[in-house]
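S.K.: What follows is a structure written as structure tokens; I'll ask about it next.
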Amino acid sequence: MKEILSVQSHCDDLKLLLENAKQLYESVIPLCPVEEQEKTLGFSSLCKYNSEFIQEVETWLSGAEQLNNAAQTGEEADLNQVQLTSFEPCVNKEINAPLV
């Protein structure tokens, strides 16, 4: 359970950082010359990559929590109902996001 809470905490931190980055981007980009604005198109790809990563982490967390709850109550988890996939977030997806 400790590991699940740690992953949840880091996921929440990433969501907050992503939202802050989007807000800063939206406030700064209008101040840039058009040529510079065109160079920042990779930002949307990076946001998409991170959003998909967060979505996959949340799916994994949901499944992990279901398994953990079943283990704590001594029940058998219905693995057909638990959406716990092997965790390979976005690594093989072609999102064209720079890895920073």
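Just so you know, all these numbers are worked out from the coordinates, no wet-lab data involved. Computed from a predicted model, the values in this text were never measured in an experiment. All Cβ positions, glycine included, derive from the backbone under ideal geometry; neighbour counts span all protein chains shown.
S.K.: Please compute the net charge surrounding L18, taking Lys and Arg as +1 and Asp and Glu as -1 over other residues with Cβ under 15 Å from its Cβ.
M.R.: -4
S.K.: Right, something else. Tell me, what ³J(HN,Hα) does each residue in the range 39-46 have, in order and in whole Hz, if you take phi through Karplus 6.51 cos²θ - 1.76 cosθ + 1.60 with θ = phi - 60° and put x for Gly and Pro?
M.R.: Calculated HN-Hα couplings, in order: 6, 9, 4, x, 5, 5, 5, 5 Hz.
S.K.: Using 0.36 nm times the number of residues separating S6 and L31, minus their current alpha carbon distance, what extension gain do you get?
M.R.: 5.2 nm
S.K.: Please report the net charge: other residues with Cβ closer than 15 Å to the Cβ of C32, K and R +1, D and E -1.
M.R.: That works out to -3.
S.K.: What is the Cα convex hull volume of the range 2-73 when expressed per residue in Å³? Can you show the working numbers first?
M.R.: Numbers: hull volume 4.7 nm³, N = 72.
Cα convex hull per residue, to the nearest whole number: 66 Å³.
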